[in-house]
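Let me begin by presenting the structure, written as structure tokens, before commenting on it.
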């Protein structure tokens, strides 16, 4: 029997293009920003079956020219986009030049072809049973009293509201996790994640506050305090959040990367 194939898909949140970082990137360089975002999506798809890691082979890493060819993207767009992605924590490059798409692990789904066949079979059975159930209910409703019909509708409406509230809570929880993951991806000292999550949940940041926190992290990453002595003075993530350190002033040790058109965007 042949080896089972596995299929992968990319899960984009419906508000992906409303995210502040994606909007900022789209607005960069007088229209080139949309090409940066398209290039980003191509890299996500390219890395989808490697847990977000991109290499041409074990011995050969991708360079900018190779990425330009495999994604059919202008070389200059590739060069500029890589710098931008690293700045906003969407990409990291390891010492061996492996490219890591930091958000990919939270955006991927997969399924073996045998699993897909079983799932499809179960869906067909479920649909057939549902049709029979609907037909039975229809016949019962024709012979039931008006009072029973009213009670049935009332119960159905109550269940629908309950399911809707449950779904909204799940979506809210997923959104909070997505915001924390974006902070965690850019924070340079990844220790004490459990405490960091508690501190994050205590703050309950929305999109705007999340962007402010990430901007503060990026600023502190360029500071004298965080860059000296190999970064040993970088605080734990939970300490940074509990102390609202993103609001503090710091001495910049190196020149901050240029953010084209960002002021104009706001």
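Each value in this text was obtained by applying a stated rule to the coordinates, not by laboratory testing. No experiment lies behind these values; they were computed from the predicted model shown. Don't worry about glycine lacking a Cβ; one is built from the backbone with ideal geometry, like all the others, and counts go over all protein chains shown.
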Order of 234, 84 - criterion: other Cβ atoms within 10 Å of each residue's Cβ, fewest first: 234, 84
Whole-number percent relative contact order across segment 6-106, with pairs defined as alpha carbons under 8 Å at least 6 apart: 26
Distance between modelled label sites at residue 193 and residue 233, nm, 7 Å Cα→Cβ extension: 2.9
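Share of Cα-Cα pairs in segment 20-66 beyond 13 Å, in percent?
On the way: 695 of 1081 pairs.
Above the 13 Å cut-off, segment 20-66 has 64 percent of its Cα pairs.
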Gained length - residue 184 relative to residue 72, 0.36 nm times residue gap less alpha-carbon distance: 37.2 nm
Fraction of alpha-carbon pairs over 15 Å apart in segment 202-246 - percent: 44
Label-point separation in nm, residue 18 to residue 165, each point 7 Å along Cα→Cβ: 2.3
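What ratio of Cα Rg to 2.2 N^0.38 Å holds for segment 6-106?
Values: Rg = 13.2 Å, N = 101, 2.2 N^0.38 = 12.7 Å.
Relative to the 2.2 N^0.38 Å estimate, segment 6-106 comes out at 1.04.
How high is the FRET efficiency from residue 59 to residue 92, r the C-beta distance, R0 25 Å, rounded to 0.05? Before the final figure, lay out the partial values.
Working: r = 21 Å, r/R0 = 0.83.
The formula returns an efficiency of 0.75 here.
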